[in-house]
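Contents: one structure, followed by commentary.
Please treat every number below as a calculation from the coordinates, not as lab data. Because the structure is predicted, anything quoted here is derived from the model rather than measured. FYI the Cβ positions are ideal-geometry reconstructions off the backbone, even for glycines, and counts take in every protein chain you see.
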Amino acid sequence: MIFWILIFFLGLRLYPYFFSSLPLGYDAGLYLYLFKKFSLFSVFSFTSLPSWLIESFQPGIAFISRFLDNFISPEKQLIPLIVFFNALLLFSIYLFSKKLWNNKTALWTALIFTCSAIQYRFYWYFYLKNIASLSFLFFAFTLFLSQSYWALIFTILVAYFHQQTAVFMLLIILFLAIFQKKQRIYYSTIFVGTIIAAFPYYFSTFNNSLLPLIQPILNGFKPQALGGTLGIPSGTFYNFYTSLLLSLPYLIPGIYGFFVLIRQPKYYLITIPFLITSAIVIFNLFFARRFIPFWDIFLIILAGYGITKFFDDRKSLFSKKIFSFLYIAGILIFISIFIYKTGKPLIDPEEITEISQLNETENNASILVTDEKYTSWVYGWSNRTTIAPGFGENDIYWTENDWQQFWLSDDRQIEKNLLLKLPKPLYIYNGDRRRQIKTTFEGDCFERINWRTYKFICDN
C-alpha cells in the first residue's frame, strides 16, 4: 500500500513539470546561485562564500550539489533534489509513525501527508534545506524510539542542513533529557554529541549563521515587542488562519489524537513538538510562518493516529468502509483541485528565457533588478553580477534612499546620476511583475535589448 501512496505522491509533485521544466517557487534561483558560486571555491571553503549565502544556507545542501556536479549541471539538479527530499520526508514520517504505532496508522499518516495542501505548498516554495532537515529529523526520531545512538548521525545532518530545525530539535531533545528520567543519559549524550559535532561550523560562522537567528529571538521577547511585532521576522508562507483553513481535512482527527496521547510520556516525542510549534504559530513568535509546515507535519502524524482510532472504534465493518471511502475520496479530490489551481511556476517562462539570455552579454556585465520579485531568478539564471534592492553582496552602490529615488523621483537626471554610480557594462531587467515605478528607461541613455531588458549606455 505504501508503494501506491508513494506513486500518487510523486505524481502530484511532478504534475507541474509535465507542462514546464521551470522549478516551482521563488527560492530555486537562490539555490542555483549557491550551487554555481560554491563550485568556484575549494570544497572545504564554504565559509569563504559571501556572508549572505552563509547566513541563508548551511553547507549540507551545497556539498550534495558539489558531489552531483560530477554527473549533472546545477540547473538540472534543482527538480530532482526537491522531489527526492520531499519523498524522503514522506518515507521518514511513514517509518516514524510505523515505529510509534503500527503499519495501519503509518499508512494513514502517509496518505494525509500526501494530500496536505500545506505540505504541497512547502514543496512548491522550494524550501529545500527545510524539507531535507525535517526528513533527517524524523529518521532521528525513529531511532530515538529504540534508543539507538545511530540517531546522532541524523541529528548532526539536521544541524548542517538547517539551523532553525536544529535549534528546534535540540530544544525537544533537551526537554526529553529533563523529563524522561529513564532515558536521560541517552538524550543527554545525543544533545551534547550534536553540539560538539556542529560546533566547528557554527563557531567559525557565528556572525553569519547563529547571530542573525538569535537577534530576532531576543528582540521578539522584548516588552515593547508585545504590541504585535513579536513575530518579526516570520518568514514567507501562509498565515496561521489560512493554514488552519487548509488543514481542516485532518484538523479534528489531529487534535483528537493529541488529547488522547498528551498525558502519556511515551508519546512525548510527538505531543511536545506539536505543543511547541503550536505556540510559535498561534502567538506569532519568531519565524512563525516558517514553522507552520512543522506544526502541520506533527498535526498530520497525530491525525494518522486519530483516524485509525476512530475507525478501530467503529463496530460495523460496513460503516468503517463507508467512512474511510468518503474520507479518502474527499482528500484526494481536495489535493487534486488544489494542485491543479496552484501548481504553477511563479514566473512566466518567457521571462526566464529573457533572463537566461543575459548569459550572452559581456562577461563583466552587471544586471540591475528593478524589483526584488526577480532577485532569485536573475541571481540564478543570468550568470552575471546581479544588483538587487536590499539583497546580496552587490547591493553596495546605492543607499535605501537612492533606490527610492530611482523608483519614484520621475526625474531623468536623478535617475541618470544614480545609474552612473553602477559598474559598466550595465543592463536593467524590468520584469512584468514589477512595482509601480516612474522610471521609463526611455531616451538616449537606454538601448532596448528585448521586451524587458535595457542597456544603459551613457558614460557621463
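Note on residue 444 and residue 203: the model spin-label points, each 7 Å out from Cα along the C-beta direction, lie 6.2 nm apart.
Restricting the trypsin sites (Lys or Arg not before Pro) of the stretch 402-460 to loop positions (DSSP other than H, G, I, E, B) with no more than 10 neighbouring Cβ atoms within 10 Å leaves 421.
Only helical runs count toward this figure. For the chain, summing -39,500 (n - 2.57) over DSSP H runs of n ≥ 4 and dividing by all residues gives -19500 deg cm²/dmol at 222 nm. At a threshold of 8 angstrom on Cα-Cα distance, excluding pairs fewer than six apart, so keeping six or more, what relative contact order does the stretch 248-297 reach in percent? The normalised contact order for the stretch 248-297 reaches 24 percent. Taking packing as the residue-averaged number of other Cβ atoms within 10 angstrom, the listed peptides 33-43, 107-117 run from highest to lowest as 107-117, 33-43. Restriction of the trypsin sites (Lys or Arg not before Pro) in the stretch 280-377 to DSSP coil positions whose beta-carbon has at most 12 other beta-carbons within 10 angstrom yields 315. Remark on the stretch 237-363: hydrodynamic radius 17.6 angstrom, per the Kirkwood mean of 1/r across alpha carbon pairs.
For the chain, the list of Cys residues with no other Cys C-beta under 4.7 Å reads 115. Farthest toward the positive end of the dipole of the chain, out of 16, 308, 276, is the Cα of 308, where the dipole comes from beta carbon charges about the Cα centre.
Peptides 96-104, 120-128 ranked from most to least packed, by the mean per-residue count of other Cβ atoms within 10 Å: 120-128, 96-104. Normalised by the number of residues in the stretch 62-213, the mean separation of alpha-carbon contacts (under 8 Å, six or more apart) gives a relative contact order of 17 percent. To the nearest 10 degrees, how steep is helix 128-144 against the longest Cα principal axis of the chain, on a 0 to 90 scale? Result, in degrees: 20.
Packing, as the average of other Cβ atoms within 10 Å across residues, places the peptides 189-202, 76-89 in the order 76-89, 189-202, highest first.
Would the stretch 230-300 count as rounded, prolate or oblate if I go by the C-alpha gyration tensor, calling it rounded below 1.5 in a/c and otherwise prolate when a/b exceeds b/c, oblate otherwise? Provide the component values of the computation, followed by the final result.
Values: a/c = 2.73, a/b = 1.53, b/c = 1.79.
The shape class here is oblate.
Against the main long axis of the alpha-carbon atoms of the chain, helix 211-220 sits at an angle near 70°.
Rounded if a/c is under 1.5, else prolate if a/b beats b/c, else oblate: with a ≥ b ≥ c from the C-alpha gyration tensor eigenvalues square-rooted, which is the stretch 118-213? All intermediate terms of the calculation are to be shown ahead of the outcome.
Numbers: a/c = 2.09, a/b = 1.28, b/c = 1.64.
Because a/c hits 1.5 or more and a/b fails to exceed b/c, the stretch 118-213 counts as oblate.
The lysines whose alpha-carbon is closer than 22 Å to the alpha-carbon of residue 129, local same-chain residues fewer than 8 away aside, are 36, 37, 76, 344, 373.
When only the Cβ of Lys, Arg, Asp and Glu is charged (+1, +1, -1, -1), the dipole of the chain relative to its Cα centre reaches about 2340 debye.
Measure out, as a whole number of angstrom, how far apart the alpha-carbon centroids of the stretch 45-88 and the stretch 133-190 sit. Answer, in whole Å: 24. For residue 421, the aspartates and glutamates whose Cα falls under 13 Å of its own Cα, not counting residues fewer than eight places away in the same chain, are 395, 402, 459.
Over the chain, what is the mean sequence separation of C-alpha contacts under 8 Å (at least six apart), divided by residue count, expressed as relative contact order in percent?
Details: 607 pairs, mean separation 72.5, N = 460.
Once divided by the residue count of the chain, the mean separation gives 16 percent.
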